[in-house]
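The values are calculated or read from the model by the stated rules, or taken from the named source; none is laboratory data. Bear in mind that the values here come from a model prediction, so they are computed numbers and not experimental data. Virtual Cβ from ideal backbone geometry, glycine too; neighbours counted across all protein chains shown. When the accessible area is computed, the model is the full protein with side chains, heavy atoms only, and any ligands, DNA or RNA have been set aside. Shrake-Rupley method; radii C 1.70, N 1.55, O 1.52, S 1.80 Å.
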Amino acid sequence: MVEKIHRHIIMLGPPGAGKGTQAAILSEKLGINTVSTGAVLREFSNSGTKEGNKVKALIDKGQMVSDKMMIKIMKEILSKPENVKGYILDGSPRSIPQAKGLDKMLASRKMKKLGQELDAVLYLQVPDDYVIERIIGRFQCAHCKTLYHERFKPTKVFGICDECGHKEFTRREDDTFETVVSRLRAFREVTAPLIPYYEKKGLLRCIDGTGPIDVVSEKIRKIVGY
Ligand code: ADP
Ligand code: ZN
């Protein structure tokens, strides 16, 4: 039995595990925002501000944005009035230093007052071969950002978004076989240490992510308690 609905959530798992897909479902069910730090960074880097330009220069060079910068961005996002109801973090923290920075930030008086402490870390477990197939086939509506998959979640009508009717779709440039292999390695080396980190805090919830989307979201529903 879950006593209270979890509304402060981190999505953890390898690229292609289904984090974005499940975050979108949760977001709708709970009425809270998903914070995809990747998308935030891309948006931020195009904002034309001084900080934005700094981030853009880093991304263009293929370099990682510093942990300090990530924490700063997360703090800004989690302080926004529209996120006080809760949040689903998709794509961060991505490393132990980021997780520690987030912990410190969430322990601050301001965040405690806002009630932003973490409730659960949902770890989607999916083997590498699933991940590769999921990533290579994924695409997204250019307009409303709904996620699709050529095989597992095609649009109902070919070439038309189910949600908004637009006909333009995008693929992430880094969704190729070559980059997936190195992204999986990066996950294992840099991000996977977060699994024992959150387990020790009693926040980790492991979810078998291999089934169809609705089966996985049902497992998540039970954990989150909505
Ligand atoms: P992540 O955010 O973890 O990188 P996504 O949510 O983008 O992963 O999912 C990757 C791709 O796999 C998407 O095209 C999505 O439609 C598809 N997908 C997500 N969950 C499942 C699932 N349970 N079964 C089959 N395909 C899935
Ligand atoms: Zn759309």
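Tabulated results
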quantity: Region 122-136: number of residues that are touching a strand residue (DSSP E or B) at 6+ places or on another chain (Cβ under 8 Å) and open to solvent by 70 Å² or more (accessible area, probe 1.4 Å); calculated: 1
quantity: Answer residue from region 24-52, given it is outside any helix (DSSP H, G or I) and among the small types (Gly, Ala, Ser) and is farthest from residue 131 (Cα to Cα) among those; calculated: 48
quantity: Residue among 65, 55 that is among the aliphatic types (A, V, I, L, M), open to solvent by less than 30 Å² (accessible area, probe 1.4 Å), at pLDDT below 85 and not in a loop (DSSP other than H, G, I, E, B); calculated: 55
quantity: Residue ID - farthest from residue 12 (Cα to Cα), chosen from residues in region 187-217 that are in a helix (DSSP H, G or I) and open to solvent by 70 Å² or more (accessible area, probe 1.4 Å); calculated: 214
quantity: Filtered residues of region 152-180 (kept if away from ligand 2 (no atom under 16 Å from the Cβ), over 17 Å from the mean Cα position of the chain (by Cα), open to solvent by less than 100 Å² (accessible area, probe 1.4 Å) and free of Cβ contacts under 8 Å to residues at least 40 places away in the same chain); calculated: 179
quantity: Region 137-146: number of residues that are more than 9 Å from ligand 2 (Cβ to nearest atom) and without any contact (Cβ under 8 Å) to a residue 24 or more places away in the chain; calculated: 1
quantity: Region 3-23: number of residues that are touching a strand residue (DSSP E or B) at 6+ places or on another chain (Cβ under 9 Å) and in a loop (DSSP other than H, G, I, E, B); calculated: 7
quantity: Search result, residues across region 72-121 that are open to solvent by less than 10 Å² (accessible area, probe 1.4 Å), among the aliphatic types (A, V, I, L, M) and under 16 Å from residue 41 (Cβ atoms); calculated: 74, 78, 89, 102
quantity: Which numbered condition residue 149 fails, given (1) more than 13 Å from ligand 1 (Cβ to nearest atom); (2) touching a residue at least 12 places away in the same chain (Cβ under 8 Å); calculated: (1)
quantity: Residue within region 5-26 that is buried (at least 18 other Cβ atoms within 10 Å of the Cβ) and farther than 24 Å from residue 212 by Cα present; calculated: yes
